[in-house]
Amino acid sequence: MQTLAVDIVTTFADDAAALVTGLGRALLRFAMAPINRIATACDVAGVLAERRATFRMWRASRAHARQERRRFSLLGRLSPFRHLAHLT
């Protein structure tokens with residue numbers, strides 16, 4: 001009986017984390033839309049499209065190697081500067 005209660009709590013916590021992450025991404029996408037439009041308009045050499053394609057391939061290969069349990073980092077997922085690590 002205790003494992004059922006633990007499963008319900010962990011499922012609720014995982015669902016709540018996914019909901020917060022999804023809402024955060026939606027709000028961030030809405031807030032960053034004007035900046036993305038300006039960046040896309042100024043991208044003459046096609047660097048942004050190439051970076052997006054590279055990121056999609058990296059994310060697909062990482063999804064296969066992902067473990068079942070992963071740490072939830074709200075700050076890392078919602079940060080608007082998380083994709084600028086290559087600039088340092």
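The values are calculated or read from the model by the stated rules, or taken from the named source; none is laboratory data. No experiment lies behind these values; they were computed from the predicted model shown. Methodologically, a virtual Cβ is constructed for each residue, glycine included, from the backbone with ideal geometry; neighbour enumeration extends over all protein chains shown. Accessible surface is based on the protein model in full, side chains and every heavy atom, while ligands, DNA and RNA are left aside. Shrake-Rupley method; radii C 1.70, N 1.55, O 1.52, S 1.80 Å.
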Phi angles of region 7-17, converted by Karplus (6.51 cos²θ - 1.76 cosθ + 1.60, θ = phi - 60°) into ³J(HN,Hα) in whole Hz with x for Gly and Pro, give 5, 5, 5, 5, 5, 4, 5, 5, 5, 5, 5
Sorted peptide list for 33-42, 16-25, criterion being average Cβ within 10 angstrom, highest first
16-25, 33-42
Can you tell me the length gained on complete extension of the stretch Ala41 to Ala5, counting 0.36 nm per residue apart and subtracting the Cα distance?
7.7 nm
With all protein chains present and a 1.4 Å probe, how do Ser61, Ser79 order by accessible area, largest first?
Ser61, Ser79
